[in-house]
Amino acid sequence: MDKYIDLIKNSYSGYWNYLKNEIITINHWDNYFYGLIVISFLVWILEIAFPWRKNQSVFRKDFWLDTFYMFFNFFLLNLIILIALTDTFAAFFNDILGLVGLSISSFKLFDVDTLPLGLGLLIFFIVSDFTQWNTHRLLHRIPMLWDFHKVHHSVKEMGFAAHLRYHWMEPILYKSLLYIPIAIIGGFDAQHVAIVHFFSITVGHLNHANLGWDYGVLKYVFNNPKMHIWHHAKALPEHESYGVNYGLTLSIWDYLFKTSYVPSSGRDIELGFDGDEKFPTDFIRQELYLFSRKQKPHE
């Protein structure tokens with residue numbers, strides 16, 4: 001037990017020092033703090049220059065709430081919960097395997113570090129995105145997880161910052177389920193992972209932005225604003241009562257597994273979910289929503 005307590009303490013202090021360094025030091029290109037600011041500002045400028053819903057305010061409904069969510073989830077949540085839990089889960093999982101004489105390296109298929117950089121990054125990206133696509137489906141199909149995911153679907157007007165409005169339990173689930181497949185293929189150093197991470201953040205911001213783009217033929221590969229808005233539609237098609245268009249960065253999984261749905265432009269559809277008029281509208285009550293109600297079937 002002392003081992004896990006020390007691991008949690010070291011994770012906190014290590015991440016806190018890292019975060020301070022990210023804010024103070026801006027002389028490296030893979031700075032996540034300023035990288036998020038730059039990406040957000042550029043996508044917001046695109047929204048202002050090429051608005052799809054022209055009657056939507058530049059400071060749309062919940063703009064500031066989503067901006068707070070964006071920084072809280074991307075940085076403070078990592079400090080408070082995510083880093084320590086991720087490190088602890090990894091150590092605990094390895095200890096369990098150790099009881100039967102195994103380790104996570106026993107399951108490693110290959111090490112992407114030994115491949116050409118471009119090919120290795122591509123494999124890392126595809127494995128990560130497919131795992132997250134499946135995790136996203138679970139968020140819609142398991143009632144308790146759906147209650148967490150309602151925070152994200154409570155968005156009523158789409159904008160770039162809505163990308164990072166989510167409950168603190170979501171990244172715990174994503175990171176936990178992502179740990180095993182990533183461990184199996186090995187990993188990159190932080191700078192190489194930053195390439196994939198910044199790309200995913202950019203596509204995610206664009207998916208939620210007030211932009212009417214679908215990227216032409218590339219819409220069958222990459223998620224896009226015209227596709228993702230249907231994921232947030234309040235009225236779901238009868239054949240997919242849990243949801244559609246689960247892709248995070250790639251749309252190809254939805255086309256391959258028949259969960260794609262783009263019947264029209266979707267520019268002016270109503271967003272949300274059944275019963276969202278009763279859903280909390282402030283940060284604290286949204287974060288505590290699941291703990292303040294009895295479990296109900298998927299709404």
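Taken together, the values in this text are just the output of simple stated rules run on the coordinates, not laboratory data. All values reported here derive from a predicted model rather than from experimental measurement. Using ideal geometry, Cβ is built from the backbone for each residue, glycine included, and neighbour counts are taken over all protein chains shown.
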- Query: So for the range 132-201, what percent of the C-alpha to C-alpha distances run longer than 17 Å?
  - Reply: 54 percent
- Task: Could you check the simple spin-label distance between Glu157 and Ile37, using points 7 Å along Cα→Cβ, in nm with one decimal?
- Result: 2.6 nm
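What ranking, highest mean first, results for peptides 196-208, 113-125 when packing means the other Cβ atoms within 10 Å averaged over each residue? Can you show the working numbers first?
Numbers: 196-208: 20.2, 113-125: 14.2.
Highest to lowest by the protection proxy: 196-208, 113-125.
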- Note on the structure: Counting only residues 5 or more apart in sequence or on a different chain, those whose built amide H sits under 5 Å from that of Tyr261 are Asn245
- Item | By average C-beta atoms within 10 angstrom, highest first, the peptides 158-171, 52-65 | 158-171, 52-65
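Checking the a/c ratio against 1.5 first, then a/b against b/c, what shape does the Cα gyration tensor give for the range 110-233?
Taking the square roots of the gyration eigenvalues as a ≥ b ≥ c, the range 110-233 is oblate.
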- Out of residues 5 or more away from Leu250 or on other chains, whose amide H comes under 5 Å of its own, with H placed 1.01 Å from N in the peptide plane? Asn223
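Which order do peptides 134-146, 38-50 fall in by mean Cβ count within 10 Å, highest first? Write out the running numbers ahead of the final one.
Details: 134-146: 17.2, 38-50: 15.6.
Descending packing order for the listed peptides: 134-146, 38-50.
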- Give the long-range amide H neighbours of Leu271: residues separated by 5 or more places, or on another chain, with amide H under 5 Å away, using H modelled in the peptide plane at 1.01 Å from N. Lys234
